[in-house]
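Take a look at the structure set out below.
The values are calculated or read from the model by the stated rules, or taken from the named source; none is laboratory data. As the structure is a prediction and not an experimental result, all values here were calculated from the model. Cβ atoms come from the backbone with ideal geometry, glycine included; neighbour counts cover every protein chain shown.
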Amino acid sequence: MAGKYKVPRGTYDILPSESYKWQFVTNVFKEVAREFNYKEIVTPIFENNELFERSVGEDSDIVEKEMYKFEDKKGRIFALRPEGTAPVVRSFIENGLMLKPNSSKLYYFGPMFRYDRPQKGRYRQFYQYGIENIGSNDPYIDAEVISFAYMFLSKLGLKNFELQINSIGCKNCTQDYDNALKEYFTPYLNDLCSDCRKRLMKNPKRVLDCKVNTCKVNADNAPSMLDYLDENCKTHFNKVQEYLKQINIPFKVNPKIVRGLDYYSQTAFEFIDTNLGAQNTLIGGGRYDGLAEQLGGKNMPGIGFAGGFERLLLSMEEEKLSFGKQQTPKVYLITLGNEAGATGIKLIMELRMNGISTAFDPDKTSMNAQMKTANKTGAEFALILGEDELKKGKIILKNMANGEQKEINITDIINSLKDK
Ligand code: AMP
């Protein structure tokens with residue numbers, strides 16, 4: 001039965017048969033956040049366009065090609081947020097969170113928007129979970145942020161993933177490296193895609209990250225950033241690795257991880273699903289020590305990560321992991337006759353007030369139809385209230401799994417169900 005309208009391309013509905021999975025992973029994420037002492041922050045889904053142009057970078061794919069920009073009635077240019085870090089750092093500065101207790105370790109959830117070619121694992125409206133840790137440049141914090149992501153994936157039961165880390169250095173060391181890359185790629189200029197030809201001039205590291213095959217092949221023997229790190233960045237990167245080893249988190253160093261956004265410095269990392277196809281990055285993150293200053297705040301280091309829910313669910317399905325039980329009502333109430341119906345609707349309120357989830361369908365009147373629906377809902381118990389029971393002040397409690405039924409006093413029903 002197709003209606004007149006469809007969801008916009010690259011978007012989708014999360015239906016009841018799926019939403020419990022989202023709730024499950026969100027709850028596990030919140031649990032890990034509690035264990036790491038991170039607090040939730042919620043920012044608007046649209047922001048000043050400039051916030052993203054300044055931070056993510058005007059030459060990045062996101063800003064150049066993928067942003068949903070719009071003008072409001074007063075001619076201001078806004079953008080639907082394509083990512084969560086810049087808004088969180090904006091809010092951090094605006095609200096002076098550096099001075100407030102328990103406010104520098106933050107997590108968020110929410111929809112992000114990027115105009116890109118939709119495919120499996122890539123959407124125009126997608127949902128991210130992420131964390132930001134603002135205020136410290138200690139390499140222990142890098143390891144802690146990485147360990148949060150590791151613990152989250154592990155608690156979900158995922159096994160087929162791999163942590164890859166890199167250091168992309170700081171402003172100090174990047175100049176020489178960029179020059180080395182330009183020199184290395186120049187002979188291959190004609191083999192690079194048109195985007196990479198532009199990237200080579202403005203931000204050559206991003207050629208390493210390109211998914212186009214000819215660019216990838218040519219990047220194979222490119223110079224490694226790790227050979228260009230200054231002493232400070234080298235020590236930082238070594239310490240991050242030491243901490244990861246100390247807390248038993250396996251990783252691989254991959255000098256090709258550069259991350260697509262401009263604001264990253266030093267540690268960059270990705271969690272890759274080793275089973276998924278092209279869109280196989282589950283989580284991406286890194287350090288962004290210059291971002292706060294770039295946004296007009298004090299010079300303040302930070303590090304975080306973001307992951308997409310869609311790919312996470314795909315990975316979990318691939319590994320046949322459990323999403324917990326789909327919610328079903330504890331009780332389905334069956335009433336026969338008008339008087340029992342009237343008492344029944346009062347009883348429903350009481351059951352629900354007492355925390356007992358109860359389903360009821362006023363459109364079904366016969367015993368048969370109501371019992372069928374009770375079965376379909378997956379309720380644990382049926383409560384049957386007919387005229388006869390009503391007269392005696394009783395109700396029938398039927399265990400749907402084994403068919404056992406007994407008559408109990410209506411006044412005892414809450415207590416006897418609470419125990420079950
Ligand atoms: P990024 O912000 O590009 O570093 O992406 C972080 C994570 O968000 C990725 O590893 C994916 O899991 C997810 N992600 C990014 N873009 C999309 C998209 N268009 N559709 C679905 N998930 C995405």
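Any idea which residue in the range 308-334 is nearest to Phe29 (Cα to Cα), counting only those that are more than 15 Å from the ligand (Cβ to nearest atom) and of a type in the set (A, V, I, L, M, F, W, C)? Here the answer is Phe323. Please determine, by comparing only the residues of the range 95-138 that are assigned to a strand (DSSP E or B) and over 15 Å from the mean Cα position of the chain (by Cα), which one is surrounded by the fewest Cβ atoms within 10 Å (Cβ to Cβ). Residue satisfying both the conditions and the ranking: Gln119. Taking the range 147-173 on its own, how many of its residues are buried (at least 21 other Cβ atoms within 10 Å of the Cβ), in a helix (DSSP H, G or I) and more than 14 Å from the ligand (Cβ to nearest atom)? Qualifying residue count, the range 147-173: 3. Put simply, of Ile395, Ile408, Ile414, Ile384 the only residue that is within 14 Å of Thr343 (Cα to Cα) and touching a helix residue (DSSP H, G or I) at 6+ places or on another chain (Cβ under 7 Å) is Ile395. If you go through the range 86-129 and keep only what is β-branched (Val, Ile, Thr) and in contact with a strand residue (DSSP E or B) (Cβ under 9 Å, 6 or more places away or on another chain), you end up with Val88, Val89. When each of Lys376, Lys394, Lys364 is tested for being of a type in the set (D, E, K, R) and buried (at least 18 other Cβ atoms within 10 Å of the Cβ), the lone residue that passes is Lys394. Lys234 passes every criterion in (1) part of a helix (DSSP H, G or I); (2) within 23 Å of the chain's Cα centre (by Cα) apart from (2).
Taking the criterion of being in a helix (DSSP H, G or I) and either touching a residue at least 24 places away in the same chain (Cβ under 8 Å) or within 16 Å of the ligand (Cβ to nearest atom) (or both), the residues of the range 31-49 that qualify are Glu31, Val32, Ala33, Glu35, Asn49. Taking first residues from the range 70-84 that are within 25 Å of Gly307 (Cβ to Cβ) and within 16 Å of the ligand (Cβ to nearest atom) and partners that are among the basic types (Lys, Arg) and part of a loop (DSSP other than H, G, I, E, B), the Cβ contacts under 8 Å between residues at least 6 apart in sequence or on separate chains come to Pro82/Arg114. Taken over the range 243-285, the criterion of being buried (at least 17 other Cβ atoms within 10 Å of the Cβ), at pLDDT 95 or above and on the phi > 0 side of the Ramachandran plot is satisfied by Gln266 alone. Suppose the filter is in contact (Cβ under 8 Å) with a residue 60 or more places away in the chain and surrounded by 20 or more Cβ atoms within 10 Å (Cβ to Cβ); does Glu144 pass it? It is false that Glu144 is in contact (Cβ under 8 Å) with a residue 60 or more places away in the chain and surrounded by 20 or more Cβ atoms within 10 Å (Cβ to Cβ).
The single condition among (1) more than 16 Å from the ligand (Cβ to nearest atom); (2) aliphatic (A, V, I, L, M); (3) crowded, with 16+ Cβ neighbours inside 10 Å that Ile62 does not satisfy is (1). Can you say whether Arg352 is among the basic types (Lys, Arg) and either within 16 Å of the ligand (Cβ to nearest atom) or crowded, with 22+ Cβ neighbours inside 10 Å (or both), as far as the supplied structure shows? It is false that Arg352 is among the basic types (Lys, Arg) and either within 16 Å of the ligand (Cβ to nearest atom) or crowded, with 22+ Cβ neighbours inside 10 Å (or both). Note on the range 193-220: residues that are assigned to a loop (DSSP other than H, G, I, E, B) and either touching a Gly at 6+ places or on another chain (Cβ under 6 Å) or at pLDDT below 90 (or both) total 5.
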